[in-house]
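As structure tokens, the structure follows; a few thoughts come after it.
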Amino acid sequence: MSGAALNLENGLGFTLLARDGAARRGRLVTAHGTVETPAFMPVGTVATVKGMLPEQVAATGAEILLGNTYHLMLRPGAERVARQGGLHRFMNWPRPILTDSGGFQVMSLAKLRKLDAEGVTFKSHIDGSPHRLNPERAVEIQELLDSDVAMVLDECTPFPASQEQAAASMRLSMRWAERCRAAFRDRPGYGLFGIVQGGVHPSLRRESAAALAAIGFDGYAVGGLAVGEPPETMLAVLEETVPALPAERPRYLMGVGRPQDLVESVRRGIDMFDCVLPTRSGRTGRAYTGRGELNLKNARHRDDPRPLDAACGCAVCSGYGRAYLHHLFRAGEMLGPILLTLHNLTFYQVLMRDLRAAIEAGSLETVAAGFLEAYGRGDLAELAGAP
């Protein structure tokens, strides 16, 4: 039921407080505070969670944010952020921050990229300026940003990829991971996570997990998922990968964020998540509720005074009806995305809180089944008598 905490003098602290099947309830201790796990990290790619004050994000229950090395190295620049006192002070977020190393963005956004054994050369998607990113520079940038949790530079294997392609990509990432670990400077409260790759091939995933465990990291991420593969394939990959990861370290599933996927992944032993879905959906009129997703732009909401979710205690559900939110999106008012983002982020944090409590109580299977059944019902029936 409990595990030994890491010595903060040697990096991050992580304690397992409870287990329920494969699911874990833990606590991550960093230089800038404590994170209760399972945890969801809102995405603040360019040092902001879009449309939200940091105080609003914290009020949803979020304890850690994600920033991105690729975007921040291009604008405003890691050295500039360091001169401003680091990313926490720069964006007025005094709590923990995890930074993605930028490998995925280099592969997906950069122009005219050229990959070689040493790193990747690319042109900025912003202005076409040339840049070079290698494992050592990725670690240096994240140290300049002062992120509590840094990630190794990896090549995100595309989907689909043959076993041969996935193997070559994964083994390059493992060589880069070793270089990142050698470049990382150990400090109290700071840590470096390795990233498991290998596509959808179980043997490659196990090989990658073993290679990373042999190097030794403060935590282990599962990358290369949510890139187009079916949800059942993602879960099958997790079932092969998670048992191969060191049990005493946190496990992070990168970029996965549908509520039902969070629940299923927690059941399989994942501790940390990030995804743009709650914020991006908020900007496009989509809300998450206990009965699934709904689109506020739909005409069915224009005369509906009901809250998004009567069971939600957030400021949006307490103070605003669907008709008003529908109006804001139809009118192109910026308050609409702000309110919906606030609600969505709260919904995600409440889900994480409920999962943590269920693991502690040994009732995760019951809680998970109840959530998934309700979430699959769909939205409330249209209000009777509406024009």
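What would the Debye formula give as log10 I(q)/I(0) at q = 0.21, 0.25, 0.28 Å⁻¹ for the alpha-carbon point model of the stretch 112-182, no solvent?
Once normalised to I(0) and log-transformed, intensities are -0.99, -1.15, -1.21.
How many nm is it between the label spots at residue 383 and residue 84, if each spot is 7 Å from the Cα in line with the beta carbon?
The two pseudo-label positions are separated by 4.3 nm.
Give the aspartates and glutamates reachable from residue 114 as a straight Cα distance under 13 Å; neighbours fewer than 8 places away on the same chain don't count.
List returned: 155.
Comparing 21, 219, 44, which has the greatest mean-square fluctuation in the GNM of the chain with Cα pairs linked when under 10 Å apart?
Comparing 21, 219, 44 in a Gaussian network model of the chain, the most mobile one is 21.
For the chain, with all protein chains present and a 1.4 Å probe, just round the carbon and sulfur fraction of the accessible area to a whole percent.
Using a 1.4 Å probe with all protein chains present, the chain comes out at 53 percent carbon and sulfur.
In degrees from 0 to 90, rounded to the nearest 10, what is the angle of the helix 364-375 Cα long axis to the longest principal axis of the chain?
The answer is roughly 50 degrees.
Let me know the charge dipole size of the chain about its Cα centre in debye, to the nearest 20, where only the beta-carbon of Lys, Arg (+1) and Asp, Glu (-1) is charged.
Here the chain has a charge dipole of around 780 debye.
Relative contact order for the stretch 283-387: what is it in percent, counting Cα pairs under 8 Å that are at least 6 residues apart?
Reported relative contact order: 35 percent.
If exposed means no more than 12 neighbouring beta carbons inside 10 Å and the site is in a DSSP loop, what's the longest run of the chain without any exposed trypsin sites (Lys or Arg not before Pro)?
With a cap of 12 other Cβ atoms within 10 Å, the longest stretch comes to 186-376.
Residue 41's amide H: which non-local residues (gap 5+, or another chain) put their own amide H closer than 5 Å, with H modeled 1.01 Å from N in plane and none for Pro or chain starts?
For residue 41, whose amide H was placed from the backbone, the distant partners under 5 Å are 273, 274, 275.
For the stretch 1-125, place one equal point scatterer on every Cα, skip the solvent, and apply the Debye formula. What is log10 of I(q)/I(0) at q = 0.11, 0.15 Å⁻¹?
-0.50, -0.85
What residue among 156, 335, 62 has its Cα farthest toward the positive end of the dipole of the chain, where the charges are +1 on Lys, Arg and -1 on Asp, Glu, each on the Cβ?
It is 335, whose Cα lies furthest towards the positive end.
Over the chain, what is the relative contact order in percent, taking alpha-carbon pairs closer than 8 angstrom and at least six residues apart?
17
May I ask you to give the solvent-accessible area per residue for the chain, in square angstrom, as obtained with a 1.4 angstrom probe?
40
Ordered by residue, what ³J(HN,Hα) values in Hz, to whole numbers, does the stretch 134-149 give under the Karplus form 6.51 cos²θ - 1.76 cosθ + 1.60, where θ = phi - 60° and Gly and Pro are x?
Rounded to whole hertz, the list is 10, x, 5, 5, 4, 5, 4, 4, 5, 5, 4, 6, 6, 6, 5, 10.
Students often forget the sequence filter, so: which lysines lie under 28 Å Cα-Cα from residue 50 once same-chain residues fewer than 8 apart are removed?
Counting by Cα, and skipping residues close in sequence, residue 50 has these lysines nearby: 111, 123, 297.
Charges only on Cβ, +1 for Lys and Arg, -1 for Asp and Glu: so what's the dipole of the stretch 78-150 about the Cα centre, in debye to the nearest 20?
Its charge dipole is roughly 300 debye.
Which length gain, in nm to one decimal place, applies between residue 185 and residue 108 when the Cα-Cα distance is subtracted from 0.36 nm times their residue separation?
24.9 nm
The values are calculated or read from the model by the stated rules, or taken from the named source; none is laboratory data. This is a predicted model, so every value here is computed, not measured. We place every Cβ from the backbone using ideal geometry, glycine too, and count neighbours over all the protein chains shown. Keep in mind that these areas ignore ligands, DNA and RNA; they rest on the heavy atoms of the full protein, side chains included. Shrake-Rupley method; radii C 1.70, N 1.55, O 1.52, S 1.80 Å.
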